[in-house]
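Notes follow once the structure below has been shown.
The values are calculated or read from the model by the stated rules, or taken from the named source; none is laboratory data. Worth saying up front: this structure is predicted, and the values here are computed from it rather than measured. Note: ideal-geometry Cβ built from the backbone for every residue, glycine included; neighbour counts use all protein chains shown. For the accessible areas, the whole protein counts, side chains as well, though only heavy atoms, and no ligand, DNA or RNA atoms are used. Shrake-Rupley method; radii C 1.70, N 1.55, O 1.52, S 1.80 Å.
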Amino acid sequence: MERMRLLRTISYAPFIMAGAILLTSCTTNTADVNEPGTPVVSTDAGSMETDAVIDYTTPEQLPGIIVDRRAYSSQEVKYAWVVAEQMPASFNVIDEKSGEVVLETVPEKVTYDSEKEVYHAKIKFGEIVKEGTYYIEENTLGRSYSFEIIDGYYEAEFDSFIETEFAKCEDMSITLDEVYSLLYIGERYSISLKDSSKLWDAVKKWIEAYDASGLNADEAGLMAAIEAKMSFNYSPVEGDAEDAKLPDKWISDAKTLYSGITNRDGEIAEDTKFLALAELYRVAGNHEYGEAISDMYSYINGLESIHTSEKYLYGSMCYMNTHRTVNRSLCDIFMQSLLMSCEDISWDKTLLAPQNDGRTDTDILLNYAQQLIAMNYVLDGYQYNELVVSIDHYMSGRNYEGYICNAEEEYPADAIVVLSWLALLEKNGKLDPSAPVVWEYSW
C-alpha cells in the first residue's frame with residue numbers, strides 16, 4: 001500500500017535561474033574577485049543547466065501530539081497520545097473556529113522509554129462533546145493536527161459506506177469477499193443497518209445477475225458459501241411466490257457449484273473449502289459435508305494460527321452456531337484459538353504504541369479487529385470493544401507517522417464488518433465502556 005507522507009516539494013527554479021544569470025555576468029578580472037572582503041569565486045565549477053530545477057523534499061514530520069485525524073464520536077472516551085523528550089505539565093484543547101481554549105488537561109499514564117529517550121502519555125478530553133473542529137496545543141510541542149468531534153460519527157460513516165457497497169452490487173463491481181461480508185453483517189449485526197431489507201435486496205439482485213461460469217475453484221467455493229448463506233438468511237417478501245422459491249434455488253446452485261469444483265481451474269484453498277462446507281452443512285445438513293469438515297480436524301489442529309484467515313474465522317462462527325451435529329473437538333479448537341488470540345492481542349502493548357518507529361500493518365490490525373469483534377459475539381468484553389475502537393483511531397492517524405488508511409477503499413470487505421460493529425457500539429451507547437447500557441442484539 002502507498003504510505004501517505006507529509007511531504008512538500010518546493011521548486012527553487014526561479015532562484016537558481018537568477019543565480020545563473022549573476023554568475024554568467026562575472027569576469028576573470030583579478031582586481032574584482034580579490035578585492036578585500038570579497039570571496040574568491042572559482043570559474044572551474046563547470047557549466048550550469050539552462051533550466052536547472054532543484055526539488056527539495058522536506059523530511060517526514062512526526063507529530064508530538066498524536067490525534068485521530070478524521071474524527072471522534074461525541075459519545076466515546078476521547079484521547080490523544082504524546083511523544084516528547086520532555087513531558088509538559090499540561091495541554092490545551094482549542095476550538096479551531098473560535099480560537100478559544102475549551103479544556104486544559106494534564107497527561108496521564110506517563111512512561112519513559114530509556115532506549116529511545118522519550119516520554120509518552122495519554123491526554124484525555126472526553127469532556128468535550130460539542131460538535132466542532134479542535135486541535136491540541138502546547139507551547140514547546142506546538143499543535144496537533146485538527147480533528148472533528150461528531151454526534152453519531154460511526155453510524156453516519158457506516159451508512160454512507162454501505163450505500164456505496166449497495167451501488168457496487170448494482171453495477172456488479174463488488175467483489176465476492178465484499179458480498180460475503182455484507183451477508184455476514186446482515187446475519188449478525190443487522191441492527192447497525194437503517195434498513196436491512198436493502199442489503200438482502202441488493203445481494204439478491206447481484207446473485208441473479210452474476211455469471212459464475214468462469215470462476216476458478218477457490219472463487220467457486222466462496223460463491224457456494226455466499227449462496228448457502230443467502231439461502232439460510234433470506235426472508236421472502238410475504239405473498240411473493242417467486243421470492244419464496246429463491247432459498248431453495250440458491251442452496252441447489254451452491255451444492256452444484258461445490259460438487260463441480262474439481263472440474264475448475266486451480267485448487268480450492270483449505271480455508272475457503274472449510275467456509276463453504278460450514279455454510280452448506282448448516283443449511284442442507286448433508287452427512288458428506290459434516291464428514292468432510294471432521295476430516296479437516298488434523299489439518300486445522302496443526303495450524304499455528306487459525307483465525308489469521310478470516311475465512312476460518314467466518315466459517316468457525318457459522319459452524320459453532322449451527323443446529324446440526326458438530327464435531328465438538330473441532331469447536332473446542334476454534335473457541336480456544338479465538339480466545340487465546342484475542343487475549344494475546346489485548347496483552348500486546350506494542351500493537352498500538354505511538355512511540356514505535358514503525359506502524360503495525362493495516363491488514364494485521366483489521367484482522368485483529370475482526371477477531372475481537374467475533375469474540376464479542378460469544379463473550380461480550382468491554383476491553384475487546386475498546387481495542388476495536390483504538391485500532392480504528394490508530395488507522396485514522398493516531399500513530400507516530402500521522403498516517404491515515406482509507407479502509408473503505410483499500411480494504412472494503414474488512415471495513416464492512418468493522419464499521420458495522422463500531423456503528424452498533426455507538427447505537428448501543430457502548431463506545432464508553434463505563435456506560436450502563438443494555439445491549440440490543442440482533443441474534
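Annotations
- Within segment 67-89, backbone nitrogen closer than 20 Å to the virtual label 7 Å beyond the Cα of VAL106 toward Cβ: 78-89
- The residues neighbouring GLU115, those whose beta-carbon lies less than 15 Å from its own, together hold a net charge of -2 under the Lys/Arg +1, Asp/Glu -1 convention.
- Listed values for segment 294-299 are Karplus-derived 3J(HN,Hα) couplings in whole Hz (6.51 cos²θ - 1.76 cosθ + 1.60, θ = phi - 60°), namely 4, 5, 8, 3, 4, 5, and x replaces Gly and Pro.
- A crude spin-label estimate for the pair ASN216 and VAL129, with each label 7 Å from Cα along the Cβ direction, gives 5.3 nm.
- The residues of segment 150-238 have, on average, 39 Å² of accessible surface per residue, using a 1.4 Å probe with all protein chains present.
- Range of Cα positions in segment 123-219 per principal axis (Å), largest first: 64, 28, 22
- Model label zone, ALA269; criterion: amide N under 18 Å from point 7 Å along Cα-to-beta-carbon; scope segment 389-415: 410-415
- Equivalent-ellipsoid semi-axes of segment 60-179, from the Cα gyration tensor, Å, largest first: 34, 19, 12
- Accessible surface of segment 335-424, 1.4 Å probe: 51 percent of it comes from carbon and sulfur atoms.
- Segment 360-413: relative contact order in percent, alpha carbon pairs under 8 Å with at least 6 residues between: 27 percent
- Cα-only radius of gyration and Dmax that characterise segment 153-307, units Å: 16.3, 50
- A Förster distance of 25 Å, applied to the separation of the beta-carbon atoms of GLU96 and ILE364, puts the FRET efficiency at 0.15.
- Residues LYS205 and ASP159, FRET efficiency given R0 of 25 Å [Cβ-Cβ distance, rounded to 0.05]: 0.80
- For segment 144-190, the Kirkwood estimate of hydrodynamic radius, built from reciprocal distances between every pair of different alpha carbons, is 12.4 Å.
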